[in-house]
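The values are calculated or read from the model by the stated rules, or taken from the named source; none is laboratory data. Worth saying up front: this structure is predicted, and the values here are computed from it rather than measured. Note that each Cβ is placed from the backbone with ideal geometry, even for glycine, and that neighbours are counted across all protein chains shown. The protein model used for the area step is the full one, side chains on, heavy atoms only, and it has no ligands, DNA or RNA in it. Shrake-Rupley method; radii C 1.70, N 1.55, O 1.52, S 1.80 Å.
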Amino acid sequence: MSPHAITQLEPGFTLTQLEKPVGSKYDFGAVVEGLDLNSITDADVKALADAIWTHKVVVVKGQKDLAPIKQATNTNPTVGTSNPLRPQRPPSALPRRHQVLQPKGGVLSAAREVLGIPGAENVRLIGKGYQGADHYGIQDKTLHKALSHDFHAKPLPDAEFAEGFTRFQRWHMDAPLYGPRDPAWFTTLRCCRRPCADADANKPVTIRWDDGSGLEMESEPGLTAFFSNVQTYGLMTPEEQRMADHSWVEYAPHPYMWIADCRGRPNGLGLETEGRERKMDEDLGDFDPAAVKRYPMVWLNPVTGEKAFQVHGICARKLFLRSSLAEKARVLDDVAEIRAFLKRIQERVLRPEYILLPRLDEGDIVMWANYQMFHTAVDYPISMGPRTMHQANIGASVGPRGPVPIPAET
């Protein structure tokens with residue numbers, strides 16, 4: 001697909017909106033050309049930030065020569081004072097360097113090897129297979145354990161995976177959901193190498209839902225999938241929207257430890273309820289009640305004003321439901337009920353016509369609005385070739401805000 005230009009932005013890059021294939025219903029996605037992220041100006045950063053908030057997923061072309069430290073400094077809140085894409089926070093709220101914070105990936109992705117780039121540790125190397133003799137100082141590294149379907153309760157047969165059948169791994173937003181930090185505003189993912197670049201690996205993979213729906217779709221290997229929670233909100237009834245506008249979520253303390261033994265649904269959205277959650281009083285250790293996160297169910301886009309039904313259901317411990325300010329909230333604290341409630345709403349958008357897997361050439365960087373989107377990796381057989389990506393997050397100076405404030409005490 002060749003996107004059509006919709007506007008020439010000041011001061012110096014072109015924004016084009018992705019053309020959608022016939023039958024698609026997703027309403028997001030754009031491409032930026034003519035921008036060098038190695039020497040980006042504050043004016044360009046402001047225009048780029050507005051583009052991400054507006055179009056939700058933006059592919060910036062032609063960043064093959066981007067230095068990792070530039071990806072880190074362009075997304076690091078400790079750098080710069082006038083850059084509007086670099087939110088300012090007090091020193092106590094600044095994130096630790098990634099090599100200390102998360103050297104081997106998150107709890108849910110224990111089989112996913114994640115390394116910080118030397119000299120730019122807040123940029124993480126993620127991928128699959130041999131990474132080369134010297135990848136920015138990481139030498140002769142093979143990432144043996146890639147994103148896979150081990151997380152799913154219903155396994156994908158190895159023989160079918162080898163034939164090119166795959167699944168969405170885990171739909172999520174990038175969010176700690178406990179402690180001093182709020183979710184990142186944006187996530188950036190730079191494509192250094194992906195399997196489609198190999199001459200013998202141009203066949204697509206077939207993504208299956210495997211949930212009884214019979215749904216499936218094709219994709220080039222090594223891409224990331226997205227759907228919009230603004231569209232999730234739009235698929236709700238007026239009564240559901242009113243309820244969501246006034247309701248909020250309490251996430252578990254140490255949420256990824258809490259669900260470390262849980263298993264996911266085969267379509268990648270949500271958890272199966274099998275009683276595998278860890279016990280808070282025995283397994284999670286001490287936690288600070290003040291660090292437990294409570295967020296609105298609906299998050300407002302600060303640029304467009306759009307509403308997103310942004311609930312990370314795998315970590316939700318309690319739902320507080322009401323449809324007006326005067327109504328006393330009804331509390332759901334049974335995980336089976338919470339998951340059933342969210343599944344009924346969130347699976348409406350989990351259809352091929354609402355899902356975008358933006359094509360990336362080597363050197364492209366995809367950026368997305370973490371307050372509006374869910375995303376997931378899609379695995380592929382290693383026989384198709386290696387995958388090398390650089391990921392970094394843009395922190396938030398202001399956390400998510402809803403249309404109605406959460407009560408101070410509940």
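In the stretch 325-335, what residues are open to solvent by less than 40 Å² (accessible area, probe 1.4 Å) and within 14 Å of Gly402 (Cβ to Cβ)? Give the derivation first.
Going through the stretch 325-335, the residues open to solvent by less than 40 Å² (accessible area, probe 1.4 Å) turn out to be 329, 332, 335.
Ala329, the sole residue that qualifies.
So which residues in the stretch 215-235 are aromatic (Phe, Trp, Tyr) and farther than 18 Å from Lys20 by Cα, if there are any at all?
Hit for the stretch 215-235 is Tyr233, nothing else.
Please work out if Gly268 is farther than 24 Å from Asp334 by Cα and among the small types (Gly, Ala, Ser).
Criteria not met by Gly268.
Can you find even one residue in the stretch 336-344 that is buried (at least 21 other Cβ atoms within 10 Å of the Cβ), not in a helix (DSSP H, G or I) and not charged (D, E, K, R)?
No, the conditions are met nowhere in the stretch 336-344.
Condition first: closer than 22 Å to Thr237 by Cβ, touching a helix residue (DSSP H, G or I) at 6+ places or on another chain (Cβ under 8 Å) and open to solvent by less than 10 Å² (accessible area, probe 1.4 Å). Can you find one or more residues in the stretch 375-386 that meet it?
no
Can you tell me how many residues in the stretch 216-229 are open to solvent by 20 Å² or more (accessible area, probe 1.4 Å) and among the hydrophobic types (A, V, I, L, M, F, W, C)?
Here the count works out to 1.
Would you check if Arg242 is part of a loop (DSSP other than H, G, I, E, B), open to solvent by 10 Å² or more (accessible area, probe 1.4 Å), farther than 24 Å from Tyr26 by Cβ and of a type outside the set (Asp, Glu)?
Taking the combined requirement at face value, the residue does not satisfy it.
Would you confirm whether or not the stretch 305-323 contains a residue that is open to solvent by 40 Å² or more (accessible area, probe 1.4 Å), among the basic types (Lys, Arg), part of a strand (DSSP E or B) and under 22 Å from Ala184 (Cα atoms)?
yes
Just one of (1) open to solvent by 60 Å² or more (accessible area, probe 1.4 Å); (2) hydrophobic (A, V, I, L, M, F, W, C); (3) under 24 Å from the mean Cα position of the chain (by Cα) trips up Phe287, so point out which.
(3)
Kindly indicate which of Met373, Met384 is aliphatic (A, V, I, L, M) and closer than 23 Å to Phe28 by Cα. So that I can check it myself, show each step before the final result.
Working: Met384 fails: closer than 23 Å to Phe28 by Cα.
None of the others qualify; the one that does is Met373.
Yes/no matrix, rows are residues, columns are (1) of a type outside the set (A, V, I, L, M, F, W, C); (2) farther than 30 Å from Asp65 by Cα:
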site	(1), (2)
Thr166	yes, yes
Trp171	no, yes
Ala184	no, no
Arg193	yes, no
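With the requirement that a residue be polar (S, T, N, Q) and over 18 Å from Glu347 (Cα atoms), what does the stretch 200-229 give you?
Selection gives Asn202, Thr206, Ser219, Thr224.
Restricting to the stretch 323-342, name every residue that is closer than 15 Å to Glu240 by Cα and of a type in the set (Lys, Arg).
Arg330
Tell me, which residue of the stretch 108-136 that is modelled with pLDDT under 90, surrounded by 15 or more Cβ atoms within 10 Å (Cβ to Cβ) and assigned to a loop (DSSP other than H, G, I, E, B) is farthest from the chain's Cα centre (by Cα)?
That would be Glu113.
Report, by residue number, each residue of the stretch 50-67 that is open to solvent by 10 Å² or more (accessible area, probe 1.4 Å) and of a type outside the set (Gly, Ala, Ser).
Once the filter is applied, which keeps residues that are open to solvent by 10 Å² or more (accessible area, probe 1.4 Å) and of a type outside the set (Gly, Ala, Ser), the stretch 50-67 yields Asp50, Trp53, Thr54, His55, Lys61, Lys64, Asp65.
Quick check: anything in the stretch 203-211 open to solvent by 20 Å² or more (accessible area, probe 1.4 Å), of a type in the set (Phe, Trp, Tyr) and assigned to a loop (DSSP other than H, G, I, E, B)?
no
Show the residue pairs that are 6+ apart or on different chains and have beta-carbon atoms under 6 Å apart, the first residue being within the stretch 11-25 and among the acidic types (Asp, Glu) and part of a loop (DSSP other than H, G, I, E, B), the second being open to solvent by 60 Å² or more (accessible area, probe 1.4 Å) and modelled with pLDDT under 95.
Qualifying pairs under 6 Å: Glu19/Met1.
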